[in-house]
1. Less than 20 Å from a label point 7 Å out along the Cα-to-Cβ axis of Gln83: which backbone N atoms in region 127-170 qualify, by residue?
2. Order these by the 10 Å Cβ neighbour count, fewest first: Arg85, Arg178.
3. Which of rounded, prolate or oblate describes region 153-192 when judged by the alpha-carbon gyration tensor and an a/c cut-off of 1.5?
4. Treating each Cα of region 96-210 as an identical point scatterer and ignoring solvent, apply the Debye formula and state log10 I(q)/I(0) at q = 0.14, 0.19 Å⁻¹.
5. For Gln126 and Val187 in one chain, what is 0.36 nm times their gap in residues minus the Cα-Cα distance, to one decimal in nm?
6. Using a cut-off of 15 Å between beta-carbons, work out the net charge of the residues near Val154 (Lys and Arg +1, Asp and Glu -1, Val154 not included).
7. Rank by packing, highest mean first: peptides 186-196, 113-123, with packing defined as the count of other Cβ atoms within 10 Å averaged across residues.
8. Can you compute the label reach from Ala156? Point 7 Å from Cα along the Cβ direction, backbone N cut-off under 14 Å, restricted to region 174-190.
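What follows is calculated from the coordinates using simple rules that are stated; it is not laboratory data. What you see is a predicted model, and the numbers here were worked out from it, not measured in a lab. Quick reminder, even Gly has a Cβ in these numbers, built from the backbone with ideal geometry, and neighbours come from all protein chains shown.
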Amino acid sequence: MTNSTVDKDETVDDTEPTAPEDGAEDTVEADAADEADEPPRRFSRFRPKISRRWGAAVVSAAVLAGGVFGFIKYHQVTGQLAQLRQQQADRDAAAQLAKEYALKSLTYSFEDPDAFFRSVEDGVSQQLKDKYVNASDLLKSIMLQAQVTSTGEVLATDPVAQPGGVYQVVVSAHQTTRNLQNPTPKVSIILLQVTVNRVGNAWQVADIGPKAGARPPIEQQLPAPEPPPPAAPAPAPSPAPAKPAPKR
């Protein structure tokens with residue numbers, strides 16, 4: 001009994017822990033230091049990724065801003081081009097209408113003066129129509145009396161835009177006239193100024209007349225009526241009766 005107890009005590013004494021060696025302590029301390037250093041290394045490993053993400057975001061924002069600016073600029077340029085095209089279309093339409101109307105005003109004949117007035121009164125402003133209506137009787141009588149014929153040829157048009165959707169179109173043309181007194185055709189160069197207005201979605205001739213310094217298209221192209229013959233001289237008064245001689 002006593003021996004077994006001693007043996008157990010001896011066994012317990014034999015299992016007492018031994019102190020770690022110096023090398024083992026150094027290894028543990030190094031591992032602890034490595035673990036302490038790991039978080040900064042991981043953070044430094046993530047830092048380039050974060051920088052790249054910020055750089056990509058900045059580039060994307062710059063590209064987006066450039067796209068928005070380009071889109072706005074494109075619409076501005078497109079609007080300006082559309083405006084220029086519309087202005088050119090308006091100029092062409094006004095010039096074409098003025099050309100056609102100038103030809104109407106230069107083409108007439110004593111054989112059918114009513115056709116001339118129907119032509120120049122069609123589709124124009126009321127003010128211009130009234131001018132022709134008021135002058136039709138006089139002009140018609142001159143045409144018939146002098147047997148006038150006239151034709152025209154437009155040489156060029158120069159439309160100039162005015163405020164309010166108005167164009168002043170200068171029309172240069174040849175006019176060939178012939179009448180009873182001058183049966184040989186005579187060619188004249190004249191300048192007309194045609195006023196064209198926008199009415200709704202269409203264009204309308206509002207007025208026509210000679211350009212400053214030019215000859216009128218009708219009044220001065222037609223010969224003036226012949227002056228009336230001079231009146232016959234009044235008969236001489238009869239002599240007064242002689243007084244009777246006094247009686248002696």
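1. Within reach of a label on Gln83: 160-167.
2. Values: Arg85 10, Arg178 17.
In order of increasing Cβ crowding within 10 Å: Arg85, Arg178.
3. Details: a/c = 6.17, a/b = 3.43, b/c = 1.80.
Judged from the Cα gyration tensor, region 153-192 comes out prolate (a/c at least 1.5, a/b above b/c).
4. Treating every Cα as an identical point scatterer, log10 I(q)/I(0) equals -0.60, -1.02.
5. Working: separation 61, 0.36 × 61 = 21.96 nm, distance 3.16 nm.
Roughly 18.8 nm would be gained on extension.
6. On the way: positive: Lys99, Lys104, Lys211; negative: Asp92, Glu100, Glu153, Asp158.
Net charge around Val154: -1.
7. Values: 186-196: 18.5, 113-123: 15.5.
Descending packing order for the listed peptides: 186-196, 113-123.
8. 174, 190
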